[in-house]
Amino acid sequence: MNELVIWTLDWVPEGPRGFVRDLRLRWACEEAGLAYSVRTVPFEGRETNHLSQQPFGQVPFLRDGGLEIFESGAGLLHLARKSESLMPRDPAGEAATVQWVIAALNSIEMVTVPWWFLKISGQPDNALSGWVTSRLDQIEAVLAGREWLAADRFTVADLLMADVLRLPDVRASGDRPATDAYVRRVTGRPAFLKARADQLAHFAAADARRAAGADLPRSVENPRHK
Ligand SMILES: N[C@@H](CCC(=O)N[C@@H](CS)C(=O)NCC(=O)O)C(=O)O
């Protein structure tokens, strides 16, 4: 059976909860109504304990039958090929969706993540601040003129762009009303709310098991799509 399996960490500290990137894949599966389960690799030793599945020691990665795919963007595009709800089937709509998926990763997140990392490492005004401001202003100008990034409808490009833009430090970095409205609109979708709640529940359950001294499970069935 070609069961979709999303891999994440068995536990993380409070800070990243609700933002661990398995949420992107959960969210896409929820949008598309695809059945999936969630399995885990240990947080302790993550740098080396799953390098055969994710060569950078990170999560998420996805299994689909005999296929294993790492990088959340690659996983999203794989899921988008399974469901028109995530990506239109006409060539123009598909090209626009892929283009904005890459833009979210390579033109926005590529700047915001290192900026954020320097910020939380004690350099709030770091060398990347100007670059972040300019990229966020540019995407603000795009979003001021349209509701969705591609094909005049929700696509996986919106899922990813909103996930990149919703980071609290990014949201707090300036007054950008179109971006705020966009992030609210996209993250108000029931599929996002369910994916986020499920991720939070997953880590809360891990807290409870750790407190009880029990082993953390490697597999968590998704209750909705079993
Ligand atoms: N480019 C990767 C980034 C993955 C990533 O940053 N994963 C984080 C969780 S959201 C992680 O595994 N962090 C643990 C670590 O780097 O040690 C992707 O999009 O999949």
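Only helical DSSP H runs with n ≥ 4 go in: add -39500 (n - 2.57) per run for the chain, normalise by residue count and round the 222 nm mean residue ellipticity to 500 deg cm²/dmol.
-14500 deg cm²/dmol
Could you tell me the convex hull volume per residue, in Å³, taken over the Cα atoms of segment 70-226?
Values: hull volume 22.4 nm³, N = 157.
So the per-residue Cα hull volume is 143 Å³.
Over the Cα atoms, compute the radius of gyration (one decimal) and Dmax (the largest Cα-Cα distance, rounded to a whole number) for segment 1-77, in Å.
12.0, 36
Name the GluC sites (Glu not before Pro) in segment 37-125 that are in a loop by DSSP and that have at most 11 other C-beta atoms within 10 Å, would you? Please list the in-between numbers first.
Values: sites: GLU44, GLU47, GLU68, GLU71, GLU84, GLU94, GLU109; in loops: GLU44, GLU47, GLU71, GLU84.
Those satisfying the criteria are GLU44, GLU47.
Quick one: order MET110, MET87, MET161 by neighbouring beta-carbon count within 10 Å, fewest to most.
Fewest-to-most Cβ neighbours within 10 Å comes out as MET110, MET87, MET161.
Which one of VAL113, VAL142, PHE61 has its Cα pushed farthest toward the positive end of the charge dipole of the chain, where Lys and Arg give +1 and Asp and Glu give -1 at the Cβ?
Farthest towards the positive pole: PHE61.
When each pair of different Cα atoms in segment 24-137 is counted once in the 1/r mean, what is the Kirkwood radius in angstroms, to one decimal?
The answer is 16.3 Å.
Where in segment 109-199 are there trypsin sites (Lys or Arg not before Pro) that are in a DSSP coil and have at most 15 other Cβ atoms within 10 angstrom of their Cβ? It would help to have the intermediate numbers written out before the result.
Values: sites: LYS119, ARG135, ARG146, ARG153, ARG166, ARG171, ARG184, ARG185, LYS194, ARG196; in loops: ARG146, ARG166.
The qualifying sites are ARG146.
Counting pairs of alpha carbon atoms under 8 Å apart in space and at least six apart in sequence, what relative contact order in percent does segment 73-226 give?
22
Values in this text are rule-based calculations from the coordinates and carry no lab data. Everything numeric in this text was worked out from a predicted model, so none of it was measured. Cβ: placed from backbone, ideal geometry, glycine included. Neighbour counts: every protein chain shown.
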